[in-house]
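Please read through the structure below; I'll follow up with questions.
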Amino acid sequence: MNRETKALPLVAAVFITFIFTAPIIWMVMAAFKTVVDIYAVPPVWVPDFTYLENFKVLLSDNWPFLLNSLIVTVGATVLSLALALPAAFGLVYFQFRSQNFLADWILSTRMMPPIAAAVPLYMVFNGFGMLDTIPALIIVYAGFNLPFAIWVAMSFFRNIPREIIEAARVEGCSWVQTFRLVALPLAKSGIATVATFVFIFAWNELLLALFLTTREARTFPVVISSFSTVTRTYWELISAATIIQILPPVIFTIIMQRHIVSGLTMGAVKH
Amino acid sequence: MGEIVLKDVHKAFGDVSVLRDIDLEIADGEFVVFVGPSGCGKSTLLRMITGLETVTSGHVLIDGKDVTHTKPSSRGLAMVFQSYALFPHISVRDNIGFGLRIAGLPLAEIADKVAKASAILGLDALLDRKPRELSGGQQQRVAIGRAIVREPAAFLFDEPLSNLDAALRVQMRIELVRLHERLATTMIYVTHDQVEAMTMADRIVVLEGGDVQQFATPIELYDRPVNKFVAGFIGSPKMNFLGADATADGKVQVRNGPLLSISDLDTARVTGPLTVGIRPEHITYSHDTGDLKGTIVVEEQLGSDAFLYVEVEKIGMITVRAVGERNFHSHQTVYLTLPPQRCHVFDQADLRINMN
Ligand SMILES: Nc1ncnc2c1ncn2[C@@H]1O[C@H](COP(=O)(O)OP(=O)(O)OP(=O)(O)O)[C@@H](O)[C@H]1O
Ligand SMILES: [Mg+2]
């Protein structure tokens, strides 16, 4: 290849990347601008990054909702792992009738769009007096992610050589010990993968949170959406909030990345 | 103690019956080998003894106790798998001590037993490594170590040496036999390698197509195979089989070959078409005289032995094992003689009709 043909894909890549990141870049800029600068024509290209007023205003009023988001997300992630991992283990290793049917049925529940469940869920939680509570959101988010989490976890358990599980059993392990001492440590990357997906789902979920919360239990995405009102859209607050919203998944993914990469490609090649 | 008894055991996967009418009594301290061609049900039988596979009907007894429905963890057996099945996330030391930890032994005692086992198996320098940092042979030793520390009622091995190279296989074979002598614990060993079976076993179970063909000592299998399958399976190269017919006076006429008068036959059963079996090492051969005339098609010279593949007109290929022989070569004519006292005779149902 000569120099030009090598440069061409690179230029294209940079261009495409730019298109995809432009809104984020623009938003990051806006977060550090005053309202006047945001609407200025011609635009203020480079803002003053020491201008933190937007963040201060945002957080002074809304930090409890950020905390809500964090609790709901961590809670949902932990709860769905706590349910999905044993369920997947049982579906893979226990022999019982309609084993495959049960697994398929679990996955099929994921085919329903979340919005279809919104009204029934509203009524159920209303009945329990749990509207606008954090536990309600944790349960719903964990529940929505269970099918997916179970399926991913199943594929990881299936990838553990059967003889290793059998060895544990012959060595005297009960099923619980086999799960805890052998299967879980060997499915670590699977757990990281599932955790990451649930985390991102729960952190970013808006629709159900809009339905199920009104004041106290509002999550951060709900708060962000409230910055767009009939009379005015608070771009400076939306921008600042969005940066905060983006950060945790990015950090979480970076921490988990090593495991996820091996997780997503596991089983792709024959060993 | 480790007496293992199988009573009328059957196994089916769905509608497919894979083992039938299995009755075996394995004495405490015995080294028993299950041998047979691929797919004959050896692993399944072993796994039913460990409890990893359910028994469709029949009973499994360990030391007189019916364990047919007992879970694997409560049977007090140890198993060494073909893939070794070491726990990849823990060290060699923890692998060996795993079962003891599960059993809740005090740490000091575990350390003591692990040290003893690792000394026996020469693993001392490797105790802090992870399994993936070991060679195949070393992993195999760890798997054996994990089995012996628990002082189980019996050791079960499923083709434990098949992933090793030939030299290491011979070495491990000897180590296992010595280990058995030292521990005097019941061992059940699955293999499809008849050399392993013959050299290691006190008694061998020959399986084929889900049935036990014969359960006997190695020498018994070699000298007195109950049927044509066992006769052909045990021994290398394989026994030669020749078509024959019974004569009116109770002799055996090899078709297109010699008339054999074999003294030890069950005379009542010498009727109709028969098969004569003779091992390659029992055929006598000569440059100039014999019962059958043939041409050496291939000569395989091993130094210690020469295997001569002889094409005999109207009979077919006959294999001859000529110990230390250097003077017979491809394309030469050779005369073969079948010593009657070395001949096995099988009836139409392929059962051996020699009396001894
Ligand atoms: N889980 C299973 N479901 C259905 N059929 C099975 C199952 N496990 C084994 N079989 C069948 O049972 C028969 C015996 O299998 P088994 O693994 O015991 O054979 P084997 O003698 O150990 O063979 P190999 O020497 O190849 O290991 C085979 O025909 C096999 O296809
Ligand atoms: Mg097998």
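The values are calculated or read from the model by the stated rules, or taken from the named source; none is laboratory data. Note that the coordinates shown come from a computational prediction; the quantities given were computed from them, not determined experimentally. Cβ placement follows ideal geometry from the backbone for every residue including glycine, while neighbour counts extend to all protein chains displayed.
This table checks each residue for (1) within 15 Å of B:ASP21 (Cα to Cα); (2) within 13 Å of ligand 2 (Cβ to nearest atom).
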{"site": "B:CYS40", "(1), (2)": "yes, yes"}
{"site": "B:LEU45", "(1), (2)": "yes, yes"}
{"site": "B:MET48", "(1), (2)": "yes, yes"}
{"site": "B:HIS69", "(1), (2)": "no, no"}
{"site": "B:SER74", "(1), (2)": "no, no"}
{"site": "B:SER83", "(1), (2)": "no, yes"}
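Another question, if that's okay. In region A:119-131, is there at least one residue being within 12 Å of chain B (Cβ to nearest Cβ), surrounded by fewer than 16 Cβ atoms within 10 Å (Cβ to Cβ) and among the polar types (S, T, N, Q)? Break it down into steps so the answer makes sense when it comes.
Just the residues of region A:119-131 that are within 12 Å of chain B (Cβ to nearest Cβ), to begin with: none.
No, region A:119-131 contains no residue that is within 12 Å of chain B (Cβ to nearest Cβ), surrounded by fewer than 16 Cβ atoms within 10 Å (Cβ to Cβ) and among the polar types (S, T, N, Q).
Next question. Out of the residues in region B:25-38 that are in a loop (DSSP other than H, G, I, E, B) and surrounded by 18 or more Cβ atoms within 10 Å (Cβ to Cβ), state the one that is nearest to ligand 2 (Cβ to nearest atom).
Residues of region B:25-38 in a loop (DSSP other than H, G, I, E, B): B:27-30, B:36-38.
Filter once more, keeping what is surrounded by 18 or more Cβ atoms within 10 Å (Cβ to Cβ): B:30, B:36.
On the way: B:GLU30: 21, B:GLY36: 10 Å.
Once the filter is applied, the top-ranked residue is B:GLY36.
Right, next: Can you tell me how many residues in region B:245-276 are closer than 13 Å to B:LEU338 by Cα and not in a loop (DSSP other than H, G, I, E, B)?
The qualifying residues number 6.
Quick check on region B:7-18. Is at least one of its residues touching a helix residue (DSSP H, G or I) at 6+ places or on another chain (Cβ under 9 Å), away from chain A (no Cβ under 12 Å) and within 16 Å of ligand 2 (Cβ to nearest atom)?
We begin by selecting, within region B:7-18, every residue touching a helix residue (DSSP H, G or I) at 6+ places or on another chain (Cβ under 9 Å); these are B:9, B:11, B:13, B:18.
Cutting the leftovers down to away from chain A (no Cβ under 12 Å) gives us B:9, B:11, B:18.
Pick out the ones that are also within 16 Å of ligand 2 (Cβ to nearest atom) and you get B:11, B:18.
For region B:7-18, residues touching a helix residue (DSSP H, G or I) at 6+ places or on another chain (Cβ under 9 Å), away from chain A (no Cβ under 12 Å) and within 16 Å of ligand 2 (Cβ to nearest atom): present.
Determine whether region B:24-39 contains at least one residue that is of a type in the set (Phe, Trp, Tyr), under 29 Å from B:ARG141 (Cβ atoms), under 18 Å from the mean Cα position of the chain (by Cα) and at pLDDT 95 or above.
Looking only at region B:24-39, we keep the residues that are of a type in the set (Phe, Trp, Tyr), and these are B:31, B:34.
Keeping just the survivors that are under 29 Å from B:ARG141 (Cβ atoms) gives B:31, B:34.
Now narrow it down to the ones that are under 18 Å from the mean Cα position of the chain (by Cα): B:31, B:34.
Next, only the ones that are at pLDDT 95 or above stay: B:31, B:34.
So far as region B:24-39 goes, yes, one or more of its residues are of a type in the set (Phe, Trp, Tyr), under 29 Å from B:ARG141 (Cβ atoms), under 18 Å from the mean Cα position of the chain (by Cα) and at pLDDT 95 or above.
So is B:ASP249 over 26 Å from B:PHE307 (Cβ atoms) and at pLDDT 95 or above or not? So that I can check it myself, show each step before the final result.
Working: over 26 Å from B:PHE307 (Cβ atoms): yes; at pLDDT 95 or above: no.
Considered against the rule, which asks whether it is over 26 Å from B:PHE307 (Cβ atoms) and at pLDDT 95 or above, B:ASP249 comes out as no.
Looking only at region B:45-64, how many residues end up being touching a His at 6+ places or on another chain (Cβ under 8 Å) and either within 11 Å of ligand 1 (Cβ to nearest atom) or polar (S, T, N, Q) (or both)? Full working, then the answer.
Of all residues in region B:45-64, those touching a His at 6+ places or on another chain (Cβ under 8 Å) come to B:55-58.
Then drop every residue that is not either within 11 Å of ligand 1 (Cβ to nearest atom) or polar (S, T, N, Q) (or both), which leaves B:56-57.
Total meeting the criteria: 2.
Further, regarding this structure: When you scan region A:197-204, do you find a residue that is assigned to a loop (DSSP other than H, G, I, E, B), modelled with pLDDT of 90 or more and away from chain B (no Cβ under 14 Å), even just one? Can you show your working first?
Initially, region A:197-204 is screened for residues assigned to a loop (DSSP other than H, G, I, E, B), giving none.
No, there is no match, as no residue in region A:197-204 is assigned to a loop (DSSP other than H, G, I, E, B), modelled with pLDDT of 90 or more and away from chain B (no Cβ under 14 Å).
Moving to a separate point now. Any chance region A:104-114 includes a residue that's within 14 Å of chain B (Cβ to nearest Cβ) and under 16 Å from A:SER80 (Cα atoms)? First the steps, then the outcome.
Within region A:104-114, the first condition is being within 14 Å of chain B (Cβ to nearest Cβ), and the residues that meet it are none.
The answer is no, given that none of the residues of region A:104-114 is within 14 Å of chain B (Cβ to nearest Cβ) and under 16 Å from A:SER80 (Cα atoms).
I'm checking my understanding of the structure. Among residues of region B:165-193 that are within 16 Å of ligand 2 (Cβ to nearest atom) and assigned to a loop (DSSP other than H, G, I, E, B), which one is nearest to the other protein chains (Cβ to nearest Cβ)? Step through it out loud before you land on a result.
Here is the first cut: in region B:165-193, the residues within 16 Å of ligand 2 (Cβ to nearest atom) are B:188-193.
Retained after the next criterion (residues that are assigned to a loop (DSSP other than H, G, I, E, B)): B:192-193.
Numbers: B:HIS192: 18, B:ASP193: 20 Å.
If we take residues in region B:165-193 being within 16 Å of ligand 2 (Cβ to nearest atom) and assigned to a loop (DSSP other than H, G, I, E, B), then B:HIS192 is nearest to the other protein chains (Cβ to nearest Cβ).
Another one. With respect to B:VAL60, is the statement that it is surrounded by 15 or more Cβ atoms within 10 Å (Cβ to Cβ) and either within 14 Å of chain A (Cβ to nearest Cβ) or within 16 Å of ligand 2 (Cβ to nearest atom) (or both) true? Write out each step before concluding.
Numbers: surrounded by 15 or more Cβ atoms within 10 Å (Cβ to Cβ): yes; either within 14 Å of chain A (Cβ to nearest Cβ) or within 16 Å of ligand 2 (Cβ to nearest atom) (or both): no.
Spelling it out, it is not the case that B:VAL60 is surrounded by 15 or more Cβ atoms within 10 Å (Cβ to Cβ) and either within 14 Å of chain A (Cβ to nearest Cβ) or within 16 Å of ligand 2 (Cβ to nearest atom) (or both).
Residues in region B:39-98 that are in a loop (DSSP other than H, G, I, E, B), aliphatic (A, V, I, L, M) and over 26 Å from B:MET172 (Cβ atoms): how many?
Quick first cut of region B:39-98, residues in a loop (DSSP other than H, G, I, E, B) only: B:39-41, B:51-56, B:63-64, B:67-71, B:75-76, B:81-91.
Filter again for aliphatic (A, V, I, L, M), leaving B:52, B:55, B:67, B:85-86, B:90.
Restricting the remaining residues to those that are over 26 Å from B:MET172 (Cβ atoms) gives B:55, B:67.
Qualifying residue count, region B:39-98: 2.
If a residue must be more than 12 Å from B:ASP211 (Cβ to Cβ) and more than 12 Å from ligand 1 (Cβ to nearest atom), how many such residues does region B:1-23 contain?
Summing the residues that are more than 12 Å from B:ASP211 (Cβ to Cβ) and more than 12 Å from ligand 1 (Cβ to nearest atom) in region B:1-23 gives 8.
Which of the residues spanning region B:140-194 are more than 16 Å from ligand 1 (Cβ to nearest atom), of a type in the set (Ser, Thr, Tyr) and surrounded by 24 or more Cβ atoms within 10 Å (Cβ to Cβ)?
B:THR186
Let me ask something else about it. I need a count of the residues in region B:71-109 that are without any contact (Cβ under 8 Å) to a residue 24 or more places away in the chain and more than 12 Å from chain A (Cβ to nearest Cβ).
Within region B:71-109, residues that are without any contact (Cβ under 8 Å) to a residue 24 or more places away in the chain and more than 12 Å from chain A (Cβ to nearest Cβ) number 4.
Which residues, counting only those in region A:163-196, are within 9 Å of another protein chain (Cβ to nearest Cβ) and of a type in the set (D, E, K, R)?
Selection gives A:GLU163, A:GLU166, A:ARG169, A:GLU171, A:LYS188.
Mind checking whether some residue in region B:37-44 is in contact with a strand residue (DSSP E or B) (Cβ under 6 Å, 6 or more places away or on another chain), within 10 Å of chain A (Cβ to nearest Cβ) and within 16 Å of ligand 1 (Cβ to nearest atom)?
No, every residue in region B:37-44 fails to be in contact with a strand residue (DSSP E or B) (Cβ under 6 Å, 6 or more places away or on another chain), within 10 Å of chain A (Cβ to nearest Cβ) and within 16 Å of ligand 1 (Cβ to nearest atom).
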